[in-house]
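The values are calculated or read from the model by the stated rules, or taken from the named source; none is laboratory data. A quick note: this is a predicted structure, and the numbers were derived from the prediction, not measured. Please note: Cβ atoms are built from the backbone with ideal geometry, for glycine as well, and neighbour counts cover all protein chains shown. When the accessible area is computed, the model is the full protein with side chains, heavy atoms only, and any ligands, DNA or RNA have been set aside. Shrake-Rupley method; radii C 1.70, N 1.55, O 1.52, S 1.80 Å.
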Amino acid sequence: MVRTTDLEDRNLYYQRRVELGLTREKASELLEVIPPERIERIENEKFDPHPEEVLLMAEKYKMPELYNYYCTHQCPIGAKYIPEIKVKDLSRIVLEMLVSLNSIHEKKERLMEIAADGMVANDELQDFLFIQNELEKISITVDTLQLWVEKMKTEGLIDLEQYSRLREEEK
């Protein structure tokens, strides 16, 4: 039996496999192309998984957060440029989005003043950095919402057919 503290100290691939109650052998059967020895090396961080393996694990383990986990922890480009996204409930995502949107709305006139000449002067830098930070928060919140949607689709709580049809109509 795995103790909770041991589980929390391990990477997300290990945590999810254990949550699903799978041995490495059963996980290998589920994943079809990843042998148990490779799973063990990935879980013990002896090897980083290949992107294709992460795609497969995220799908078969029904855990879309593995995409972001891989990009922010194991891909050198993603680790530098992609923020880590945490799963949150919808009400918290919406509240965070509204706070950031309200904050940026109050600064939109200032952003237009700063951008008017196509550069950021030294006396504008502090305001510009504040606005940039709020825009980054909005971007992360949008990504968090997308992760929430993917999780709901994976768990069958959003009708995939209807979702896809409505997304196509919006385009």
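Some points to look at:
- Violating pairs (Cα-Cα greater than 26 angstrom) within the set 107/151; 88/108; 151/171; 107/137; 60/171: 107/151; 88/108; 60/171
- Shape call, the stretch 64-135: gyration tensor on alpha carbons, a/c limit 1.5: oblate
- Heavy-atom accessible surface of the chain: percent carbon and sulfur, 1.4 Å: 54 percent
- Length-normalised contact order for the stretch 91-139 - Cα pairs under 8 Å, 6+ apart - percent: 51 percent
- Unit Cα scatterers, Debye sum, the chain: log10 I(q)/I(0) for q = 0.15 Å⁻¹: -0.97
- Exposed loop sites here are GluC sites (Glu not before Pro) assigned a DSSP state other than H, G, I, E or B and surrounded by at most 15 other beta carbons within 10 Å; excluding them, the longest clear run of the chain is 85-154.
- At a probe radius of 1.4 angstrom, the accessible area of the stretch 62-136 per residue rounds to 70 square angstrom.
- The chain, helix-only ellipticity at 222 nm - DSSP H runs n ≥ 4, -39,500 (n - 2.57), divided by all residues, nearest 500: -22000 deg cm²/dmol
- Per principal axis, descending, Cα span of the stretch 110-151 in whole Å: 44, 16, 12
- Across the chain, the relative contact order, built from alpha-carbon pairs under 8 Å that are at least six residues apart, equals 18 percent.
- Taking every protein chain into account, the accessible area of the stretch 3-48 amounts to 64 square angstrom per residue (probe 1.4 Å).
- Karplus-derived HN-Hα couplings along the stretch 43-54 (A = 6.51, B = -1.76, C = 1.60, θ = phi - 60°), whole Hz, x at Gly and Pro: 5, 8, 6, 7, 10, 7, x, 6, x, 5, 5, 5
- For the stretch 1-69, applying the loop criterion from DSSP together with a ceiling of 15 other beta carbons within 10 Å to the chymotrypsin sites (Phe, Trp or Tyr not before Pro) yields 47.
- Three-way shape label, the stretch 1-70, alpha-carbon gyration tensor, a/c 1.5: rounded
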